[in-house]
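Worksheet: the structure to be examined is printed underneath.
The values are calculated or read from the model by the stated rules, or taken from the named source; none is laboratory data. As the structure is a computational prediction, the values presented were derived from the model and not from experiment. All Cβ positions, even for glycine, are placed from backbone atoms using ideal geometry, and neighbour counts span all protein chains on display.
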Amino acid sequence: MKCYHIDNDSYLLIALKHCRIISSVKIWFANAIFAGKVLKKLKEAKIRMRCLDLYPYNTEKALEQAFSSFPDLTGMTMRPHGQEFFWSGLDMYSFPKFTKMDTLMLDGFNIKPEVFLPESLTTLEWLNRSGKFLRIMPKLKYLVNLEYLMLGHAEFLDTNEFDSFLQVISSENLPKLQYLVSSLFFN
């Protein structure tokens, strides 16, 4: 892997013309406008990618820009960059309807109640150090295609919460679930 600092976005397009199929594109950004420009250049270059990795430096997540450029994206990794959101997490108020997305990895995001994750997901990795697992737990039962679930720092206050979790991931709700990897904590 090589990293380049490109000062001019037309140079980015020139570099991208040498690539057609890329397994993963990683974008570190401070604002969604910059990320949107990069995504437009990727689209203009007709880049086909398996996974888009977004690393925001602040609260702008560039999800709408990603969706408008690549609505058929199949994989995404998101993690706030830097230490500001490492423990507290970054709030996520919406998530676009990526209908073909099968893999989603979220590290350090607080998923709000109004957010729905794509039902097409077969793989979900969710890590959060701010104790927000109970917010995402009810959303899991709607991911009927889920085969692999990795949870990091899932915290339960009592056995009732854990029993609720077991009900959510039951074969009734998640009939295709084969792998559960987690670090569970009881308070």
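You will find that of 125, 172, the residue that is without any contact (Cβ under 8 Å) to a residue 12 or more places away in the chain, among the charged types (D, E, K, R) and either within 20 Å of residue 94 (Cα to Cα) or surrounded by fewer than 19 Cβ atoms within 10 Å (Cβ to Cβ) (or both) is 172 and no other.
Being in contact with a helix residue (DSSP H, G or I) (Cβ under 8 Å, 6 or more places away or on another chain) and on the phi < 0 side of the Ramachandran plot holds for only one residue in 90, 149, 127, 166, and it is 149.
Close contacts from region 55-75, counting a first residue that is farther than 10 Å from residue 43 by Cβ and a second that is of a type in the set (Asp, Glu) and crowded, with 17+ Cβ neighbours inside 10 Å, with Cβ to Cβ under 6 Å and a gap of 6+ residues or different chains, come to 74/102. Checking each residue of region 126-136 against the condition of being farther than 22 Å from residue 184 by Cβ and not β-branched (Val, Ile, Thr) gives no match.
Being surrounded by 18 or more Cβ atoms within 10 Å (Cβ to Cβ) and at pLDDT below 90, is that true of even one residue in region 112-121? For region 112-121, residues surrounded by 18 or more Cβ atoms within 10 Å (Cβ to Cβ) and at pLDDT below 90: absent. For region 129-151, state whether one or more residues are of a type in the set (Phe, Trp, Tyr) and within 15 Å of residue 108 (Cα to Cα). Yes, because at least one residue in region 129-151 is of a type in the set (Phe, Trp, Tyr) and within 15 Å of residue 108 (Cα to Cα). Note on region 74-143: enclosed strands (runs of 3 or more DSSP E) holding 1 or more residues that are under 16 Å from residue 59 (Cβ atoms) are 75-78, 90-92, 103-107, 109-111.
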